[in-house]
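K.L.:
My questions will all concern the structure given below.
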Amino acid sequence: MKSLNDLLLNITVAIIDFIYRDLPIQRFWVLETIARAPYFAFLSVLHLRESLGLRTEAHYYLMKEHFAQTVNETEHLIEMESRGGSNRWIDRFFAYHLVIIYYWILVVYYSIAPISAYHLNAGIEFHATETYLDYFWDHPEDTKIAEIAVDEMNHYIELSRAMEMI
């Protein structure tokens, strides 16, 4: 599954990078819109499992962690909106449709293969870190972007820890 994850991630990244090659703030906004979906999906599945009496030792920790990640990604989204990232209707159309598809894919994926779902999302968070850092190297005065890059790397680390817990 990890090879499939890597393939899907590479294709998706190539498409988004191509579409938004000269529009970094719009790309960040699209990525942040999509970035919340995995955590919503993970929480949905964890809540369902809990409701069915299938709670594990890691359950409470994972729910807390994913909720915090959702809040943090929402803060990033608000930052990109304040920079005009969502001003174009085509970007909103693209992101909103992609996030619906991605959410439901991850609900199913996390339900049947949680480690693989975490692996996919960890790859996305690692890519997000690289994307923000690339922008930061060209705009060193933008310290908010550097803070977001650190957050994204922390999400990557947290997802790696979650994979070890399951």
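K.L.:
Roughly how many Å is it from the Cα centre of region 97-112 to that of region 1-77, as a whole number?
P.N.:
Cα centres, region 97-112 to region 1-77: 9 Å.
K.L.:
Something else: Between residue 164 and residue 134, how many nm apart are label points set 7 Å from Cα along the C-beta direction?
P.N.:
The two pseudo-label positions are separated by 2.9 nm.
K.L.:
Moving on to the next point. Counting alpha carbon pairs within less than 8 Å and at least 6 residues apart, what relative contact order, in whole percent, applies to region 2-165? Don't jump to the answer; show the numbers that get you there.
P.N.:
Details: 152 pairs, mean separation 47.2, N = 164.
The normalised contact order for region 2-165 reaches 29 percent.
K.L.:
If each DSSP helix of 4+ residues adds -39,500 (n - 2.57) and the sum is divided by the residues in the chain, what number results at 222 nm, nearest 500 deg cm²/dmol?
P.N.:
The helix contribution divided over the chain gives -30000 deg cm²/dmol.
K.L.:
While we're looking at this one, here's another question. In Å and whole numbers, how far do the C-alpha atoms of region 24-166 stretch along each principal axis, longest first?
P.N.:
48, 29, 20
K.L.:
Still on this structure: Please report, ordered by residue number, every helix of the chain (full DSSP H runs) that is 27 Å or longer along its axis going by C-alpha atoms and whose mean Kyte-Doolittle hydropathy reaches -1.0.
P.N.:
Correct list, ordered by number: 24-51, 59-82, 89-112, 114-138, 143-165.
K.L.:
Note the full-extension length gain between residue 87 and residue 57 as 0.36 nm times their separation in residues minus their Cα-Cα distance, in nm to one decimal.
P.N.:
6.4 nm
None of the figures in this text is laboratory data; all of them are computed from the coordinates on show. These numbers were taken from a predicted model, which means no experiment stands behind them. Because the Cβ atoms are built from the backbone with ideal geometry, glycine has one as well, and the counts that use them run over all protein chains shown.
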